[in-house]
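**Q** One structure coming up, written as structure tokens, with questions to follow.
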Amino acid sequence: MTLSTLKIHTVLLFLLFSAAAWSAEPPTAELSAAQIAIAQAEKLAPRGTSAQTLQAARSQLAEAQALSDKRKYRDAGNAAFRARVTAELAKAQAELAKARMDVDEKSARNVDLRRQLLINTER
């Protein structure tokens, strides 16, 4: 291989890799999905563990947006995906906590009803 052929191959490889890098598009769909998931989780007013998980999702979304601003679109897409999944986890944790509270309230109500039933039966 001559020196000029090597230069041509080097230039072609450089162009190929730079074209691949520039052809990546911003992960707007992933960022939007993460923002929507975070908004849905926020509607449940999470507390405790779910609030911490939601904060982690917000941080991951901020990281994704920063990576997108730096044109690191693949990394931004991955971070946005993690943010969406983390927000969905926060939502599920908040729903679980609410369901547990409902069960506890109904259990307490059942105990009260049993007491009343026993009192009325003894009369």
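The values are calculated or read from the model by the stated rules, or taken from the named source; none is laboratory data. Just so you know, these numbers come straight off a predicted model, no measurement behind them. Note: ideal-geometry Cβ built from the backbone for every residue, glycine included; neighbour counts use all protein chains shown.
**Q** For PRO27, work out the one condition from (1) within 15 Å of ALA92 (Cβ to Cβ); (2) surrounded by 18 or more Cβ atoms within 10 Å (Cβ to Cβ) it doesn't fulfil.
**A** (1)
**Q** So is GLU42 exposed (fewer than 10 other Cβ atoms within 10 Å of the Cβ) and modelled with pLDDT of 70 or more or not?
**A** Here the answer is no, as GLU42 does not meet what is asked.
**Q** So which pairs qualify, if the first residue must be in region 44-69 and closer than 14 Å to LYS91 by Cβ and free of Cβ contacts under 8 Å to residues at least 24 places away in the same chain, the second must be of a type in the set (S, T, N, Q) and surrounded by fewer than 18 Cβ atoms within 10 Å (Cβ to Cβ), the Cβ gap must be under 6 Å, and the two must be at least 6 apart or on different chains?
**A** Matching pairs, first to second residue: none at all.
**Q** Let me ask something additional. Quick one: count up the residues across region 70-81 that are assigned to a helix (DSSP H, G or I) and without any contact (Cβ under 8 Å) to a residue 24 or more places away in the chain.
**A** So the first thing to find is which residues in region 70-81 are assigned to a helix (DSSP H, G or I), and the list is 73-81.
Add one more test, that the residue is without any contact (Cβ under 8 Å) to a residue 24 or more places away in the chain, and what stays is 75, 78-79.
Result for region 70-81: 3.
**Q** Moving on to the next point. Can you say whether VAL111 is among the aliphatic types (A, V, I, L, M), farther than 28 Å from GLU25 by Cβ and assigned to a helix (DSSP H, G or I), as far as the supplied structure shows? Break it down stepwise before answering.
**A** Values: among the aliphatic types (A, V, I, L, M): yes; farther than 28 Å from GLU25 by Cβ: yes; assigned to a helix (DSSP H, G or I): yes.
Yes, satisfied.
**Q** LYS91: touching a residue at least 40 places away in the same chain (Cβ under 8 Å) and of a type in the set (Lys, Arg), yes or no?
**A** Numbers: touching a residue at least 40 places away in the same chain (Cβ under 8 Å): yes; of a type in the set (Lys, Arg): yes.
Judged against the criteria, LYS91 is a match.
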